[in-house]
Amino acid sequence: MLVQVKVRGLVFDPHQNTFIVILREEENNEVLPIWIGRPEANAIGLAVEGVFSQRPLTHDLISNIIDKLNAKIISVVLTDLKDSTYYSKIHLCYNDSEVAIDSRPSDAIALALRADAPIFVHDSLVKKQSSEDINTWLEGLRPEDFGKYEV
């Protein structure tokens, strides 16, 4: 079953020197942290804040190409977790048919935010990550680690 999630935070993990996007399930407040790279964190952060560059950045360019081809991002779905790597698909409507494109979740999330498209996660992924370890890790974060976002 698919559950809808929203981006609820972007956090820097100093222990792994990487960023984490925090997705939160709407209905029961389960969280799903996904470790991402700096460029993708920047792209997600800019989209969340509604900040646009004078010249298109990579995700803006892809979004512009999709628009010019008269396609539309219908949704993004995080589909699987294998060997600590998440998998996702971007679902597009193009020429009156649906096309699913394999993508890294960070890129898919950045594009979904630009297209105002919903983000879904298979509930099994949320259950896999709903461990005490993650909750303990999240509880150990300081409020300033979350910037302006609330989790």
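Rule-based calculations on the coordinates, nothing more; no lab input. Keep in mind it's a predicted model, so treat the numbers as computed, not measured. As a convention, Cβ positions derive from the backbone with ideal geometry for all residues, glycine included, and neighbour counts pool all protein chains shown.
Things to note:
- The 3J(HN,Hα) values that the Karplus relation (6.51, -1.76, 1.60; θ = phi - 60°) gives for segment 25-38 are, in residue order, 6, 5, 6, 10, 6, 5, 10, 10, x, 10, 6, 9, x, 4 Hz. Gly and Pro appear as x.
- Per-residue Cβ neighbour counts within 10 Å put 66, 34, 109 in the sequence 66, 34, 109, beginning with the fewest.
- Alpha-carbon spread of segment 18-73, three principal axes, descending order, Å: 37, 25, 17
- Global form of segment 2-146, assessed from the alpha-carbon gyration tensor, a/c cut-off 1.5: oblate
- On full extension, the segment bounded by residue 99 and residue 55 gains 13.0 nm, given 0.36 nm per residue less the C-alpha separation.
- Close Lys pairs in segment 2-146, defined as Cα atoms under 29 Å apart and 8 or more places apart or on different chains, number 13.
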